[in-house]
1. Out of the residues in the range B:41-51 that are surrounded by fewer than 19 Cβ atoms within 10 Å (Cβ to Cβ) and touching a helix residue (DSSP H, G or I) at 6+ places or on another chain (Cβ under 8 Å), which is nearest to residue B:128 (Cα to Cα)?
2. Does the range B:164-172 contain at least one residue that is over 25 Å from residue B:32 (Cβ atoms), out of contact with any strand residue (DSSP E or B) (no Cβ under 6 Å at 6 or more places or on another chain) and either within 9 Å of chain A (Cβ to nearest Cβ) or surrounded by 19 or more Cβ atoms within 10 Å (Cβ to Cβ) (or both)?
3. Please verify whether the range B:143-162 includes one or more residues that are over 21 Å from residue B:71 (Cα atoms), without any contact (Cβ under 8 Å) to a residue 24 or more places away in the chain, assigned to a loop (DSSP other than H, G, I, E, B) and within 12 Å of chain A (Cβ to nearest Cβ).
4. When you go through (1) buried (at least 17 other Cβ atoms within 10 Å of the Cβ); (2) away from every other protein chain (no Cβ under 12 Å); (3) in contact (Cβ under 8 Å) with a residue 60 or more places away in the chain one by one for residue B:129, which number turns out not to apply?
5. Among the residues of the range A:107-119, count how many are surrounded by 13 or more Cβ atoms within 10 Å (Cβ to Cβ) and either under 14 Å from residue B:194 (Cβ atoms) or more than 26 Å from the chain's Cα centre (by Cα) (or both).
6. Just to verify a result, which residue in the range A:14-32, among those that are more than 17 Å from the chain's Cα centre (by Cα) and crowded, with 19+ Cβ neighbours inside 10 Å, is nearest to residue A:47 (Cα to Cα)?
7. With the requirement that a residue be within 27 Å of residue B:52 (Cα to Cα), more than 7 Å from chain B (Cβ to nearest Cβ) and not in a helix (DSSP H, G or I), what does the range A:185-208 give you?
8. Could you tell me which residue of the range A:52-93 is surrounded by the most Cβ atoms within 10 Å (Cβ to Cβ), considering only residues that are away from chain B (no Cβ under 12 Å), in contact with a strand residue (DSSP E or B) (Cβ under 6 Å, 6 or more places away or on another chain) and outside any loop (DSSP other than H, G, I, E, B)?
């Protein structure tokens, strides 16, 4: 399928059938997300992969008991760094120097531009980092569709409670979105037969 | 190419060769972005498609004279709604009712959940809407790679000045990212030969 066909095939399944996704498909979806670009390549977010049925049951009430939580095969939780520190920047720069086999000092330009970020308001940085996570979310949605795996992006959950349950605060993370991966329940999903609604091209794009 | 191959093929080209992208490729990239999901399907952002060379020249100093601005074939500017109003929600609900040929009142649940958004702080909503635009950005990056078109996401520009130049404020929009579309300059791009650096899987993913 082309990407257009895949995106037309997909929809945000409201009911899933509990079937497990083969591990090699999960691996390819995760690898696509890992390869997604981010500002300065920093990847200031992490992806929690929740497969444990007991944990999914505990997440359910935190996410308004939406059935995909427990009917999914895996939940991917996109969680951004709560803040950015000089330590993390230094770690990133030294990792890049290692990976590219270059002197750390050759990356001073990138390092200094990232150091400038440290002077910005913490909230602006948090919002900037959360946006980077959504690039990965977009890539993950396409990757799933190309594997003919259903993927339902969800923001309707209590982020604070989820962060508590998954101990995200102590990892310096804050959850923003869940991507439920699984297979549509063709019998019980009310959304399956409804037309996809999108803003018409002539309104969505503005040409210059 | 698989999505993994496409994502490994791509990188953020720092120099482009000025070659035009065939219109049918641009059309498919834009269609993929338009089909990208967003929270509640609202699509609270627009994509500016800049092809005019004169306008790109004016954008160049606003974007630190990064060469891709003028060497690209098209610039896509991802601009989110500055705020959300009841009028926009009503317009969306009535458009959805039309498209799905259902009574407007049958969508009261969705409408009321969107009305709740109106009670949240304006800044929280603005950040929420800007994240939705980044789902489209992620989808656009994959779509371009699958067309073997280079796509460089850029945040290094003065958003206020760009908004002024493109009259975005009067359209209720605020720019967040530029995606420069074109073809890598294989001779002059210093980044082309460098290894892609990504956080290792065992660090990027946390399993539960």
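1. Here the answer is B:41.
2. no
3. No, because not a single residue in the range B:143-162 is over 21 Å from residue B:71 (Cα atoms), without any contact (Cβ under 8 Å) to a residue 24 or more places away in the chain, assigned to a loop (DSSP other than H, G, I, E, B) and within 12 Å of chain A (Cβ to nearest Cβ).
4. Failed condition: (2).
5. Qualifying residue count for the region: 2.
6. Filtering first and then ranking leaves A:21.
7. Answer for the range A:185-208, where residues must be within 27 Å of residue B:52 (Cα to Cα), more than 7 Å from chain B (Cβ to nearest Cβ) and not in a helix (DSSP H, G or I): just A:200.
8. Selected residue: A:68.
A short reminder: the numbers here are calculations on the coordinates, not readings from a lab. From a predicted model like this one, the values you see are computed outputs, not experimental measurements. Because the Cβ atoms are built from the backbone with ideal geometry, glycine has one as well, and the counts that use them run over all protein chains shown.
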